[in-house]
Amino acid sequence: MYLTLIFLGIIAFVTFRLSALRKAESSTEKAFWEREHNANFTPKKDLSNLSYITIPLEKFPSNNIDKEEERLKQELSELSEKRILNLDNMSNTDLKENFGVGNLTTMEEIGDNYQKLCSLLIDLAKKRIEANDYEGALHYLEFGVGTKSDMSQMYTLLGDCYDNLGKTAKISDLITLVQAMGLPLERSIISSLTSHLPNVETDIHATEDTTDTLDA
């Protein structure tokens, strides 16, 4: 009899939990569709005053570059004439709510420009690293990190450069920044960065602190 009561109690608890979860899911789904519906009626907004990313071409290395690096720099120069924003954390619904449904395609292009920017910065940094020009690579990588990129290579390559230049304090700062940002591959990035600091124990869990930019 006692075991039967326990069994019935477990069934009742599981049934209650499943019911609560279904209600929560239904409520979440309803809220999403209501938000999506409203977003589809958001009027088009002026995009001229947004804080677009400016690419500092004059600060990047220009000497002793091969044809491949010259091609990458040309792509970067062409990209500098376009509108660029880091929209990685914004869904299509977010974009429509913030900028208007009529601007969705434009905002997607602006976000794609940012992805291309980050890829070019990483490729150019790799070319500098191949040439043992770690200082030159820093210009690309620190700029990329300053835009709050979520590409893991931006941070691991920067850590490698700091290590080769003996700038261990910068690695510690970079770890703190990564923790504050809560990047998708945070644990992997911090593991790579910490490998350059064998005598330092680093908490690889995300913190609630926030950091605006990494000091150059």
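Can you give the local net charge around GLU97? Use residues other than it whose beta-carbon is closer than 14 angstrom to its beta-carbon, Lys and Arg +1, Asp and Glu -1. It works out to a net charge of +1. Looking at the stretch 59-130, the GluC sites (Glu not before Pro) that sit in a DSSP loop and have at most 10 other Cβ atoms within 10 Å of their own Cβ are GLU81.
Charge tally for CYS161 (other residues, Cβ to Cβ under 14 Å; Lys, Arg +1; Asp, Glu -1): -2. Here the Kirkwood formula, the inverse mean of 1/r across different C-alpha pairs, assigns the stretch 128-179 a hydrodynamic radius of 10.9 Å. Full extension of the chain segment joining GLU68 with THR176 gains 35.5 nm, where the gain is 0.36 nm per residue of separation less the Cα-Cα distance. Convex hull volume of the Cα atoms of the stretch 49-96, normalised per residue: 110 Å³. Here the gap between ALA131 and ASP46, fully extended at 0.36 nm per residue and compared with their Cα-Cα distance, gives a gain of 26.2 nm. In order along the stretch 105-116, the Karplus-derived 3J(HN,Hα) couplings, from 6.51 cos²θ - 1.76 cosθ + 1.60 at θ = phi - 60°, round to 4, 4, 5, 5, 5, 5, x, 5, 4, 5, 4, 5 Hz, and Gly and Pro are given as x.
All other residues with a Cβ under 13 Å from the Cβ of LEU183 taken together, and with Lys, Arg as +1 and Asp, Glu as -1, what is their net charge? Neighbourhood net charge equals -1.
The lysine pair count for the stretch 36-174, using Cα distances under 18 Å and pairs eight or more places apart or on different chains, is 16.
Residues in the stretch 170-177 carry Karplus couplings, in order, of 5, 5, 4, 4, 5, 4, 4, 5 Hz; the curve used is 6.51 cos²θ - 1.76 cosθ + 1.60 with θ = phi - 60°, and Gly or Pro positions show x.
For the stretch 76-138, the spread of Cα positions along the three principal axes, ordered from largest to smallest, is 47, 22, 12 Å.
Read-outs throughout are calculated quantities, based only on the coordinates presented, and are distinct from any laboratory measurement. Quick caveat: nothing in here was measured; it's all calculated off a predicted structure. Ideal geometry is used to build each Cβ from the backbone, glycine not excepted, and the neighbour counts take in all protein chains shown.
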